[in-house]
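Visitor: Below is the structure I would like to discuss, written out as structure tokens.
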Amino acid sequence: MCSEAAPENRTAASGSTHLTGVHDSTGVVDVSALRTTFAKFPSGVTALCAIDDAGQPTGMAVSAFVNVSLEPPLVGVFIQSSSTTWPKLRTRPRIGLSVLSADQHTACRQLASRTGNRFADLSWDTGVEGAIFLHGASAWFDCEVESESVTGDHTLALLRIIGHRVAGPEAPLVFYESRFHDLSASAREN
């Protein structure tokens, strides 16, 4: 994966790298400092959406997304244990996963909101068994829940991919250092 050029020859100096401890002086996890370090890893942003039991659209934004396996076809998402949306989605026969495009930061904020109509002014289609796919996304996955496991303060949901499609040429939305970025802008610079 990282084999484009041979790395420089560097000599390791014993003890030259000093890491910050996870806990503060009182023994509590320093969440703010850890969040700052996590923010150094860019992530794509996805939307998990479906029609709920009442026939209404329900969905949420998720930045902790990873491709897991080609065979069987699986992706994983990490969802905060405090989510009130995941219990509504997890029971659905199908969930639409939209990879949000660079110009969908407003949709992302809306889907991440705890109040208001998350789907106001959003354009979307439904797929088989109620999966929702947002228009303007970079890619779509039609999924069903394969398994779940509680991991710390999140739930890891493995989703089996039933169908997929590259939705358009749009670059994906990237979240880095607590802000949205346009990956296509940096690609044009190279």
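The values are calculated or read from the model by the stated rules, or taken from the named source; none is laboratory data. All values derive from a computational prediction rather than experimental measurement. Backbone-built Cβ (ideal geometry, glycine too); neighbour counts: all protein chains shown. Surface accessibility is based on the protein's heavy atoms, side chains included, excluding ligands, DNA and RNA. Shrake-Rupley method; radii C 1.70, N 1.55, O 1.52, S 1.80 Å.
Visitor: Amide H neighbours of W124 under 5 Å, counting only residues 5+ apart in sequence or on other chains, H built in-plane at 1.01 Å?
Guide: Long-range HN contacts for W124: H135.
Visitor: Okay, moving on. Could you give the Stokes-Einstein D for the stretch 50-134 in µm² per second, using the C-alpha Kirkwood radius, 20 °C, 1.002 mPa s?
Guide: So the translational diffusion coefficient is about 157 µm²/s.
Visitor: Mind listing the long-range amide H neighbours of G163? Cut-off is under 5 Å, sequence gap 5 or more, other chains count too, H placed in the peptide plane at 1.01 Å from N.
Guide: D142
Visitor: Per residue of the stretch 102-118, what does 6.51 cos²θ - 1.76 cosθ + 1.60 with θ = phi - 60° give for ³J(HN,Hα)? Whole Hz please, x for Gly and Pro, Karplus curve as stated.
Guide: The phi angles translate into 4, 9, 9, 5, 5, 4, 4, 4, 5, 5, 8, 5, 8, 10, x, 7, 5 Hz.
Visitor: Suppose all protein chains stay in the model; what accessible area per residue would a 1.4 Å probe give for the stretch 63-177, in Å²?
Guide: On the way: 6110 Å² over 115 residues.
For the stretch 63-177, the per-residue accessible area is 53 Å².
Visitor: Starting from the Cα gyration tensor of the stretch 63-190, take the square roots of the eigenvalues, sort them a ≥ b ≥ c, and report rounded, prolate or oblate (rounded when a/c is under 1.5, otherwise prolate if a/b is larger than b/c, else oblate).
Guide: Rounded shape, in that the Cα axes give a/c under 1.5.
Visitor: Under a 5 Å amide H to amide H cut-off, with H placed in plane at 1.01 Å, what residues pair with D30 once short-range neighbours are removed?
Guide: H23, D24
Visitor: Taking a ≥ b ≥ c as the square roots of the Cα gyration tensor eigenvalues, with a/c under 1.5 meaning rounded and otherwise prolate when a/b beats b/c, else oblate, which class fits the stretch 106-179?
Guide: Here the stretch 106-179 falls in the rounded category.
Visitor: Determine how many Å³ per residue the convex hull of the Cα atoms of the stretch 27-91 encloses.
Guide: Enclosed volume per residue, from the Cα hull, is 135 Å³.
Visitor: What's the FRET efficiency of T126 with V31 using the Cβ-Cβ distance as r and R₀ = 30 Å, to the nearest 0.05?
Guide: 0.20
Visitor: Accessible area, 1.4 Å probe, largest first: how do R92, R114, R35 sort?
Guide: R114, R35, R92
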